[in-house]
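I have placed the structure first, in the form of structure tokens, so that the comments after it can refer back to it.
The values are calculated or read from the model by the stated rules, or taken from the named source; none is laboratory data. The structure presented is a predicted model; accordingly, all values stated were derived computationally and were not measured. Glycine gets a Cβ as well: all are built from the backbone with ideal geometry, and neighbour counts include every protein chain shown. Protein only, heavy atoms only, side chains kept; ligands, DNA and RNA dropped before computing areas. Shrake-Rupley method; radii C 1.70, N 1.55, O 1.52, S 1.80 Å.
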Amino acid sequence: MNLVRVSKSCVGSDEITSVATVLNRGFLGMGSEVQAFESELQDYFGSVDYKVVCVNTGTAALQLALQAIGLGPGDEVLVPTLTYVATFQAITATGASPISCDVKEETGLLDPEEITRKMNPRVKAILLVHYASYVENLEWYYDFAKRHQIRVVEDAAHAFGCEYEISGRRKKIGSFGDVLCFSFDGIKNITSGEGGAIVTSDPKILDLIRDLRLLAVEKDSDNRYAGKRSWEFEVHHQGWRYHMSDLMAAIGRCQLKRFEHEFKPKRCAIASHYRQRLGHNPRIQFFRTDLETIVPHIQPIRVPASMRDRLRQHLQENAIETGVHYKPNHLLKRYYQSAAQLPVAERLYSELLTLPLHPNLQTSDIDFVCDRVEEFFSKEVHSR
Ligand SMILES: *Cc1c(COP(=O)(O)O)cnc(C)c1O
């Protein structure tokens with residue numbers, strides 16, 4: 001039996017050819033390929049004001065974004081607890097502290113009421129997470145941030161290719177907002193092997209991040225794009241080795257070309273097929289979403305907590321891999337907050353199951369998964 005994987009890197013001959021071309025050039029570092037990827041991403045997002053800086057992971061993108069908006073020890077960041085630990089690690093990497101917030105039951109997204117409740121003078125930013133690629137209430141968060149003079153950083157790791165309707169117009173995530181971070185790790189909507197990007201229209205943030213990714217060596221990005229090195233330079237800030245390499249950018253450029261006509265429709269079709277097949281099952285709940293505007297990165301469902309692990313086991317016995325997105329961060333030792341009562345995220349954690357979703361799956365694979373899920377629930381009913 002072939003294993004049905006929960007997620008997978010979908011790379012092929014195009015990526016191999018492009019990587020070979022870079023290898024043959026004998027320069028693997030950050031150069032023209034990264035510059036080209038950044039400008040193609042900029043064109044893709046489609047706003048002249050929003051520029052892209054590529055880095056080596058989505059986590060690095062978040063860390064640099066948070067550092068660049070000026071976060072440090074003593075500052076606090078409001079963040080939903082239901083996210084990958086990368087989001088939290090990026091906050092603490094700057095010296096700032098995450099304030100875990102609960103999420104909405106229907107979406108798994110940050111609950112606006114938590115923001116109002118937990119706002120305090122130490123809070124310098126809201127870090128939104130576009131969980132399962134869905135985005136909601138953006139106007140509300142931006143309005144709140146403006147009123148309190150704090151920044152908004154969007155963890156858009158799940159939301160590459162997604163759109164959002166704002167003032168009656170659909171806009172790409174990455175073409176508006178304050179500072180956005182994307183991930184191009186192996187299983188995201190597009191990959192560059194590993195990789196990430198920061199997108200913003202704030203010129204100060206852009207210039208700073210361009211330096212920070214190269215050990216804060218000033219103007220080193222410009223030199224590298226011109227095929228030069230910086231020998232005489234100045235450094236003012238704590239920087240990091242977080243730049244993207246030409247090798248990675250070569251993969252990313254291929255993936256970006258394949259995205260609109262190949263990955264995007266495939267991901268949407270799979271998510272919609274799951275809903276068609278399982279949406280009527282009284283034991284299964286889907287999060288609210290909008291497949292007209294989003295490109296789903298993962299397919300979480302909710303099932304009764306008492307059955308979740310057995311369902312997971314049943315699928316595993318049928319060579320179907322599943323996941324749990326995510327263990328809430330406030331339950332981790334490092335981020336444990338005794339005072340934190342985040343009942344919705346904790347309940348979701350006991351009910352969540354992520355079904356396979358990646359562009360290499362066939363309709364027959366999805367039917368196979370759905371058959372096994374339905375078989376499990378019908379056995380449950382009969383064994384009662
Ligand atoms: C993948 C992911 C990240 C981190 O991105 P990496 O490229 O893996 O470092 C951050 N936040 C969320 C929600 C993610 O899914």
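Going through (1) surrounded by fewer than 17 Cβ atoms within 10 Å (Cβ to Cβ); (2) over 23 Å from the mean Cα position of the chain (by Cα); (3) more than 30 Å from Met119 (Cα to Cα) one by one, Pro73 falls short only on (3). Criterion applied to Glu380, Glu351, Glu317 was being farther than 30 Å from Lys171 by Cβ, open to solvent by 50 Å² or more (accessible area, probe 1.4 Å) and over 19 Å from the mean Cα position of the chain (by Cα), and the one residue passing it is Glu317.
Listed by position, the strands (runs of 3 or more DSSP E) contained in the stretch 124-172 that have at least 1 residues being under 11 Å from Thr293 (Cα atoms) are 163-166, 169-172.
Pairs meeting the criteria (first residue in the stretch 53-64 and near the ligand (Cβ under 6 Å from one of its atoms), second residue acidic (Asp, Glu) and open to solvent by less than 20 Å² (accessible area, probe 1.4 Å), beta carbons under 9 Å, at least 6 apart or on different chains) are Gly58/Asp155. Residues that are open to solvent by 20 Å² or more (accessible area, probe 1.4 Å) and touching a helix residue (DSSP H, G or I) at 6+ places or on another chain (Cβ under 7 Å) within the stretch 178-193 comprise Asp185, Gly193, listed in sequence order.
Checking each residue in the stretch 355-366 for being in a helix (DSSP H, G or I) and either under 26 Å from the mean Cα position of the chain (by Cα) or modelled with pLDDT under 95 (or both) picks out Thr363, Asp365, Ile366. Restricting the stretch 194-203 to residues that are in a loop (DSSP other than H, G, I, E, B) and within 9 Å of the ligand (Cβ to nearest atom), the residue that is most open to solvent (accessible area, probe 1.4 Å) is Glu194. Against the definition (in contact (Cβ under 8 Å) with a residue 24 or more places away in the chain, more than 16 Å from the ligand (Cβ to nearest atom), open to solvent by 10 Å² or more (accessible area, probe 1.4 Å) and closer than 24 Å to Ser133 by Cβ), how does Val324 come out, yes or no? Taking the combined requirement at face value, the residue does not satisfy it. The C-beta contact set for the stretch 112-133 (first residue on the phi < 0 side of the Ramachandran plot, second residue of a type in the set (A, V, I, L, M, F, W, C) and open to solvent by 80 Å² or more (accessible area, probe 1.4 Å), distance under 8 angstrom, 6+ apart or interchain) comprises Pro112/Trp140.
Screening the stretch 135-152 for residues that are at pLDDT 95 or above and charged (D, E, K, R) and picking the one that is farthest from the ligand (Cβ to nearest atom) gives Arg147.
If I filter the stretch 353-366 for residues that are closer than 25 Å to Ile270 by Cα and acidic (Asp, Glu), do I get at least one hit? Yes, the stretch 353-366 contains a residue that is closer than 25 Å to Ile270 by Cα and acidic (Asp, Glu). Only a single item in (1) assigned to a helix (DSSP H, G or I); (2) open to solvent by 10 Å² or more (accessible area, probe 1.4 Å); (3) at pLDDT 95 or above is not met by Val369, and it is number (2). Residues of the stretch 78-134 that are touching a His at 6+ places or on another chain (Cβ under 6 Å) and away from the ligand (no atom under 16 Å from the Cβ): none at all.
Against the definition (within 22 Å of the chain's Cα centre (by Cα), assigned to a helix (DSSP H, G or I) and either modelled with pLDDT of 95 or more or more than 28 Å from Leu128 (Cα to Cα) (or both)), how does Arg224 come out, yes or no?
Working: within 22 Å of the chain's Cα centre (by Cα): no; assigned to a helix (DSSP H, G or I): yes; either modelled with pLDDT of 95 or more or more than 28 Å from Leu128 (Cα to Cα) (or both): yes.
Answer is no for this residue.
Determine if the stretch 154-173 includes at least one residue that is touching a residue at least 12 places away in the same chain (Cβ under 8 Å), surrounded by fewer than 20 Cβ atoms within 10 Å (Cβ to Cβ), under 23 Å from Leu357 (Cβ atoms) and in contact with a Gly (Cβ under 8 Å, 6 or more places away or on another chain). Yes, that holds for at least one residue. Applying the criterion of being within 17 Å of Ile69 (Cα to Cα) and among the aliphatic types (A, V, I, L, M) to the residues of the stretch 115-144, the residue that is surrounded by the fewest Cβ atoms within 10 Å (Cβ to Cβ) is Val123.
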